[in-house]
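The values are calculated or read from the model by the stated rules, or taken from the named source; none is laboratory data. Keep in mind the model is a prediction, meaning the values are calculated, not measured. Note that each Cβ is placed from the backbone with ideal geometry, even for glycine, and that neighbours are counted across all protein chains shown. When the accessible area is computed, the model is the full protein with side chains, heavy atoms only, and any ligands, DNA or RNA have been set aside. Shrake-Rupley method; radii C 1.70, N 1.55, O 1.52, S 1.80 Å.
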Amino acid sequence: MQDLTEATPSNPTQPRHGTSPRLRNGVVAAILFCLISMLSIQLGASLSLDVMERFGSYTTTWVRLCFAAAILYLIVRPKLLTFNRQQWTGALLLGAAMALMTTSIFQAIRSAPLGLVVAINFLGPICIALAGVSGYRAYLWPALSLVGVVLIAYDGTSWVTDARGLLFSLGAALGWGGYILLMKRVGSQFSGLQGLSVSLLAAAAIMTPIGLAQATQLHDPQLYIQGAGLALLVPLLPYVLEMQALRKLSTAVFGLLMSL
């Protein structure tokens, strides 16, 4: 069975029983971070439904990203002028994946049941998990996942979503898969949370034209009060926890955990 940590070049075949207590504790902490992140994401998605109905999914997503980016920037204070081209490329791509993922899932929720959206969304992490395994038997699990999605989407007489809901759900899955790969990359390129801070700034900037185009109630203080509170649940807390987890886990194992 694959080790939870990625093998190092100096010792690619280190056995599990030879792992130091410090490394084992780090892996356990990473798994715990994943579980907390999952709970935060699902709670945030559930609490967002009423807010999105009132202010629009694009505007709500944009406000949340802005608050998350501002909070993390004030805490981390990234040294923007010291980053090289490779670091900027990774951070900007991660920001684009964040914008695609968050925008798609909350737009999908407006056109399809939450359970179906989440089920399709998790196909992204499942595909990432497949990258770390070999053998045809491994592909049985995504096949079963697809069957499960179909069973959720069809109630026996009709489909419970339309093409719009399906398209945005698949977009969220694609964004999440790219997010996992890019979060791993950015986490290795930057120290601390500097890369994540830049990525959140990029995601907020990408969403600004879309969020403003839909905005009709920018004068309502409830948009900012509720947006700030929801920003802590999604995306700030999950992103911080997942970046730390991906520094200890391989993308395949991380994708498997997210698929829980």
Give the shape of the stretch 143-260 as rounded, prolate or oblate, defined through the alpha-carbon gyration tensor: a ≥ b ≥ c are the square roots of its eigenvalues, a/c under 1.5 means rounded, and otherwise the shape is prolate if a/b is larger than b/c and oblate if not.
-> oblate
Descending packing, highest mean Cβ count within 10 Å first, for 101-112, 79-90 is 101-112, 79-90
Using the Kyte-Doolittle scale, find the helices of the chain whose mean hydropathy is at least -0.5 and whose Cα atoms extend 27 Å or more along the helix's long axis, counting only whole DSSP H runs.
-> 21-55, 57-76, 85-109, 163-189, 194-214
Relative contact order (percent) for the chain, with alpha-carbon contacts under 8 angstrom and 6 or more residues of separation?
-> 43 percent
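Once neighbouring chains are kept in place and the probe is 1.4 Å, which whole percent of the accessible area of the chain is contributed by carbon and sulfur?
Result for the chain: 68 percent of the exposed heavy-atom area is carbon or sulfur.
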Site Ile71, offset 7 angstrom along Cα→Cβ, radius 18 Å on amide nitrogen, limited to the stretch 196-235, gives 196-205, 222-235
Taking a 1.4 Å probe, which of Tyr136, Tyr239, Tyr58, Tyr154 shows the most accessible area, and what order do the others take after it?
-> Tyr136, Tyr154, Tyr58, Tyr239
Full extension from Asn84 to Ala131: what is 0.36 nm times the residue separation minus their Cα-Cα distance, to one decimal in nm?
-> 14.0 nm
Set Lys and Arg Cβ to +1 and Asp and Glu Cβ to -1, take the dipole of the chain about its Cα centre, and tell me which of Leu182, Gln107, Gly56 lies farthest positive.
-> Leu182
Could you point to the label whose value was computed as volume of the Cα convex hull per residue in Å³ for the structure here, given (i) 150; (ii) 141; (iii) 195?
-> (ii)
Quick one: putting +1 on the C-beta of Lys and Arg, -1 on the C-beta of Asp and Glu, what dipole do you get for the stretch 61-183 around its Cα centre, in Debye to the nearest 20?
-> 460 debye
Mind checking which of Ala172, Leu232, Ala252 is farthest towards the positive end of the chain's charge dipole, using Cβ charges of +1 (Lys, Arg) and -1 (Asp, Glu) about the Cα centre?
-> Ala252
What does the charge dipole of the chain about its Cα centre add up to, to the nearest 20 debye, if the Cβ of each Lys and Arg holds +1 and the Cβ of each Asp and Glu holds -1?
-> 800 debye
At 1.306 mPa s and 10 °C, Stokes diffusion of the stretch 11-113 via Kirkwood alpha-carbon radius, µm² per second | 93 µm²/s
